[in-house]
1. What list of ³J(HN,Hα) values in whole Hz, one per residue of segment 278-285 in order, does the Karplus curve 6.51 cos²θ - 1.76 cosθ + 1.60 (θ = phi - 60°) give from phi, with Gly and Pro shown as x?
2. Could you order the peptides 120-127, 136-143 from most to least packed, using the average number of other C-beta atoms within 10 Å per residue?
3. Going by amide H atoms built from the backbone, whose H comes under 5 Å of the H on Arg22, apart from near neighbours?
4. Which number do you get for Rg(Cα) / (2.2 N^0.38 Å) in segment 22-72?
5. Modelling each spin label as a point 7 Å along the Cα-to-Cβ direction, I'd like the Arg274/Leu292 distance in nm, to one decimal.
6. What distance in nm lies between label points placed 7 Å from Cα along the C-beta direction at Gln257 and Ala122?
7. Between Thr131 and Arg282, what FRET efficiency comes out of the Förster formula 1/(1 + (r/R0)^6) with R0 = 41 Å and r the beta carbon distance, rounded to 0.05?
8. Using a simple spin-label model with points 7 Å from Cα along the Cα→Cβ vector, what separation in nm is obtained for Glu266 and Lys43?
Amino acid sequence: LPDAFLNFLESNGIDPSIYTPRYIRLKPGIEEFESEVKCKPQKLDWLPGFYTLPPNIQIASTKAYQEGKIYGIDASSGAAVMALGIEPGDHVLDLCAAPGAKLCMMLDLLGDSGSVTGVDAARHRLAACRTMLQKYKLGDRCRLFVADGTTFSVIPLGFKEWTSRRPWKERKRTKPELIYYGGHSGVIGLTKGELGYDKVLVDAECTHDGSIKHIQKFEQWGWITLQRRVLDAERTDDLHALQASLTVAQNEDVMEQFLKENITAELTEIDAARNWPCKGGRIRKTWRFDPLTSQTSGLFVAKFRKV
């Protein structure tokens with residue numbers, strides 16, 4: 001790791017030795033995957049459907065991967081989805097949805113009922129999410145909107161208008177752009193309140209300092225790029241303003257600010273967390289995953305309900 005990143009970790013009290021394994025989520029009934037990769041994935045006893053694989057195992061060329069029966073997703077991200085307590089028939093809103101692994105998991109859990117609405121401000125990233133839905137054959141109960149998650153609402157306009165061939169630059173950027181609509185994903189024409197989302201997931205943008213997968217990308221992009229795009233003080237200040245990782249400023253401080261500004265929000269217990277291999281956050285009822293304690297990417301999880 002470059003000196004700039006090591007200095008960043010040190011200034012935030014983070015041990016650089018914590019960074020590691022990769023996880024996969026398997027759909028039921030694909031035992032043939034083991035014989036194909038010639039190894040036995042290790043099942044996680046605390047997270048249903050999740051397995052670990054040795055880092056040298058390549059899954060992209062396997063039949064299971066190509067047929068959409070297996071996908072990579074970090075166990076901490078899977079835990080965040082489980083915290084929602086998704087039940088059959090739920091309508092779930094996934095803000096900051098791209099690139100889509102958590103979205104796919106939510107659709108897996110819903111099965112043949114309910115719906116998931118994915119929202120992201122980056123059109124190209126959401127397009128990659130659309131590709132995932134199609135690959136894994138999970139798109140029937142999902143719709144995707146390019147929109148600002150802080151102001152998103154399903155505006156009561158017809159489906160045909162959203163699928164117009166007009167160039168994106170000619171459309172008003174203040175309106176959500178529907179780029180994917182599953183046949184059983186809900187009715188375009190209802191406002192957010194009328195649809196009634198039962199659960200909402202927000203995985204806000206961060207510096208990714210808790211994810212070695214993201215940090216490793218800069219080995220080919222250049223460590224100077226890492227310093228400019230991730231560690232630059234102005235950049236981190238901008239991110240803090242957006243969601244105001246492993247750092248307290250990006251987690252507990254944001255949560256406290258949210259609770260002060262939203263008196264109808266209440267922090268609640270996460271029942272699934274009783275079995276999680278992670279630490280409690282600095283605030284009761286919150287949880288922190290990190291590579292050293294949990295053998296996952298770093299993630300902070302808090303659950304709220306509207307009262």
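1. Once θ is set to phi - 60°, the couplings for segment 278-285 become 9, 9, x, x, 6, 10, 4, 6 Hz.
2. 136-143, 120-127
3. Amide H neighbours of Arg22: Leu53.
4. This ratio for segment 22-72 stands at 1.01.
5. 2.9 nm
6. Reported label-point gap for Gln257 and Ala122 is 2.1 nm.
7. Working from the Cβ atoms, E equals 0.60.
8. Between Glu266 and Lys43, the label points sit 3.7 nm apart.
The values are calculated or read from the model by the stated rules, or taken from the named source; none is laboratory data. Please read all numbers here as calculations on a predicted model, not as lab measurements. Every residue, glycine as well, gets a Cβ built from its backbone with ideal geometry; the counts of neighbours run over all protein chains shown. Please note that ligands, DNA and RNA were not included when accessible areas were found on the heavy atoms of the full protein model with its side chains. Shrake-Rupley method; radii C 1.70, N 1.55, O 1.52, S 1.80 Å.
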